[in-house]
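The values are calculated or read from the model by the stated rules, or taken from the named source; none is laboratory data. Keep in mind that what you see is a predicted model, and the values were worked out from it rather than measured. When we count neighbours, we look across all protein chains shown, and the Cβ atoms used for this are built from the backbone with ideal geometry, even at glycine. SASA here: full protein model, heavy atoms, side chains in, ligands and nucleic acids out. Shrake-Rupley method; radii C 1.70, N 1.55, O 1.52, S 1.80 Å.
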Amino acid sequence: MKDISANDLRDNIPLVAKQHDGHKSTVRVGNAVIGGEALVVMAGPCAVETPELTLDIAKAVKAAGATMLRGGAFKPLTFPYRRGFMMEIGEPGLAWLKAAGDAVGLPVVTEVMDVRMVDTVAKHADMLQIGARNMANFPLLIEVARTRKPVLLKRHFGASLRDWLGAAEYLYYYGNTQVVLCERGVVAPHTHEVTSRFIVDLQVVPAVREYSHLPVIVDPSHSTFKRSYVAAIACGAIGVGADGIIIDVHREPEKAAVDPLQALSYDAFGTLMGQMRGIGAVLGRTV
Ligand code: PEP
Ligand code: MN
């Protein structure tokens, strides 16, 4: 892996590189500000399933103190097969998610996977998520940049910080300065369990701070892929100075249509919120 050099900072990532001590940008999404003193908690289902369930989850995460609603209508599923249940709702799910967010007063973040769908997703979303698999899909980055909507740029599981910041630089270069980074686990040759697909790179949070002014959050759900690890990693993320988390929460976690192994119940999410408040307070951050 190539380290980030002084030449990189000057010539390759001048727009996202930190210019001076304390240089840190904030991104406003509706009534949420990401990168300031308050931590952002984006919570919701992995996938949007029904309008009723989306609203129920939105109410639950809002009551627990979440600041944004997450949910995928378009999903980068690992395998092309579907159970009888529909696993990717598509376009109708965008409206369900937005309606649920509006009903409880939370801005929504949702993934856009396809350059042809950017305008459609942008119509409903307050923030556009670039999934890990599309981090270096440069035509998609350019189209998303042109919407001028806030962007959540997930790190590809095989990307260095240098490559990740290069992708963020594309967004800035094409006119979008509303960029938030998201660490979601990287591939390591040997993890200690087959169910643990990725290793969470918490060290990248202080590394982002060293080189860039962009806010950075962590996804403890997709990075651990395992419910019993999620709260610990979420607490760790706050502990290392992340600007917040994005997390899967579901009314019936083990019945979630997508990623049922990692979603938290409403109760578990409420408990975690209390823990994050405590850790945040020590570091001068509010939740
Ligand atoms: C997601 O957040 O729903 C998702 C698919 O995440 P990732 O791109 O990090 O795998
Ligand atoms: Mn998922």
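Let me spell it out: the conditions are (1) open to solvent by 30 Å² or more (accessible area, probe 1.4 Å); (2) within 16 Å of ligand 2 (Cβ to nearest atom); (3) outside any loop (DSSP other than H, G, I, E, B); (4) of a type outside the set (F, W, Y), and L152 meets all of them except one. Which number is the exception?
Here L152 clears every test but (1).
State all residues of region 243-287 that are surrounded by fewer than 19 Cβ atoms within 10 Å (Cβ to Cβ) and either within 16 Å of ligand 1 (Cβ to nearest atom) or of a type in the set (S, T, N, Q) (or both); if no residue qualifies, say none.
Within region 243-287, P260, L261, S265, T271, Q275, T286 qualify.
Just need a number here: residues in region 31-75 that are away from ligand 2 (no atom under 14 Å from the Cβ), closer than 23 Å to L153 by Cα and open to solvent by less than 50 Å² (accessible area, probe 1.4 Å).
14
Across region 108-128, which residue is nearest to ligand 2 (Cβ to nearest atom) among those that are open to solvent by 10 Å² or more (accessible area, probe 1.4 Å) and in contact with a strand residue (DSSP E or B) (Cβ under 6 Å, 6 or more places away or on another chain)?
In this case the residue turns out to be E111.
Select from region 193-241 the residues that are part of a loop (DSSP other than H, G, I, E, B), open to solvent by less than 60 Å² (accessible area, probe 1.4 Å), hydrophobic (A, V, I, L, M, F, W, C) and out of contact with any Pro (no Cβ under 9 Å at 6 or more places or on another chain) and list them in ascending order.
Residues satisfying the conditions are F198, L202, L214, F225.
Can V104 be described as open to solvent by 10 Å² or more (accessible area, probe 1.4 Å) and over 21 Å from D259 (Cα atoms)?
yes
What are the residues in region 35-74 that are of a type outside the set (G, A, S), within 16 Å of ligand 1 (Cβ to nearest atom) and outside any helix (DSSP H, G or I), if any?
V40, V41, M42, P45, C46, V48, E49, M68, L69, R70, F74
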